[in-house]
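**Q** Okay, here's the structure, questions in a sec.
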């Protein structure tokens with residue numbers, strides 16, 4: 001079952017009145033959408049508000065989503081429109097030449113042109129989260145590190161990872177799970193100490 | 001979360017990821033780890049609580065079921081039509097083949113005669129004389145000779 005189909009199942013649950021399924025979609029896409037919106041709305045706090053608005057608009061519009069495009073494509077389009085409307089409402093011009101199209105939004109993750117958008121209050125925490133994740137990744141045994149890197153950074157499927165690592169898919173599944181758990185173990189104490197904001 | 005679920009597992013899994021459960025926390029944490037690896041320059045705090053708070057005042061959305069139902073009905077109808085068409089084609093083909101082959105088989109049946117009636121006694125001598133040139137000799141050893149002998153009594 002492809003990622004897109006998992007999203008579609010969650011969307012259908014929301015369409016049947018399951019608000020919690022929308023929580024799962026928010027958790028999954030909030031940072032990707034936030035990063036996209038920050039291309040338009042430069043102020044970090046405003047960008048977070050616009051991201052939140054975009055999710056609410058998406059929720060309201062979900063009954064009309066037919067699944068003809070991927071959910072994230074549709075969501076990113078709403079995000080871009082919300083950001084542009086926000087700028088227009090504040091009499092600011094949206095960027096005239098946007099170097100991307102919402103159809104290709106997934107590939108924006110590779111762009112390195114984004115400026116720092118973390119709020120001053122959260123900047124230290126963001127840095128710590130990234131540091132812990134990176135350090136934990138480096139401390140993993142080679143096979144676990146490779147499996148997680150191939151999955152999260154290179155975006156390979158389990159089948160492709162199995163081919164690259166020359167091992168059964170079951171082994172790939174187990175390695176990725178163990179790698180994530182090892183990183184999560186190091187991350188949990190940090191997140192529990194952060195007060196106010198959930199991460 | 002990696003798009004590696006089996007279809008029948010998904011519904012059960014989403015039921016288990018209830019709000020506030022360990023499974024839900026893991027879902028959030030694993031996505032944070034993925035985002036931290038992919039876009040370390042843009043990690044912000046979790047917005048889902050804020051979105052959830054705002055959604056509390058939102059009426060629950062309910063999509064008309066026609067989309068999914070229509071799609072499923074269309075899929076079932078198309079599958080049924082394809083199956084019927086396949087059965088029809090197979091039946092038609094078998095009818096065509098049946099009508100051509102039956103007379104041939106009937107003709108062949110009439111043409112069959114016991115082997116012993118066709119073999120003349122003089123051919124036994126010929127076969128005996130050329131037995132050593134038979135390609136089956138090497139393979140079967142004495143078997144070909146035994147066959148020749150078996151025709152013997154009828155020829156006499």
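**Q** Nearest 0.05, what FRET efficiency do residue A:88 and residue B:23 give at R0 = 45 Å with Cβ-Cβ as r?
**A** With R0 = 45 Å, the Cβ-Cβ based efficiency is 0.65.
**Q** Would you kindly state how much longer the chain becomes between residue B:6 and residue B:131 on full extension, computed as 0.36 nm times their sequence separation minus their alpha carbon distance, in nm to one decimal?
**A** On the way: separation 125, 0.36 × 125 = 45.00 nm, distance 6.77 nm.
So the chain would gain 38.2 nm between residue B:6 and residue B:131.
**Q** Related question: Along its three principal axes, how long is segment A:20-68 when you only count alpha carbons? Whole Å, largest extent first please.
**A** Taking the Cα atoms of segment A:20-68, the three principal extents are 32, 18, 17 Å.
**Q** Once R0 is set to 22 Å, what does the formula 1/(1 + (r/R0)^6) return for the Cβ-Cβ distance between residue A:153 and residue A:190, expressed as a FRET efficiency to the nearest 0.05? Walk me through the numbers on the way to the answer.
**A** Numbers: r = 21 Å, r/R0 = 0.97.
Step by step, r from the Cβ atoms, then E = 0.55.
A short reminder: the numbers here are calculations on the coordinates, not readings from a lab. This one's a predicted model, so the numbers in the text were calculated from it and none came from an experiment. Positions of Cβ are generated from backbone atoms using ideal geometry, with glycine treated the same way; all protein chains shown enter the neighbour counts.
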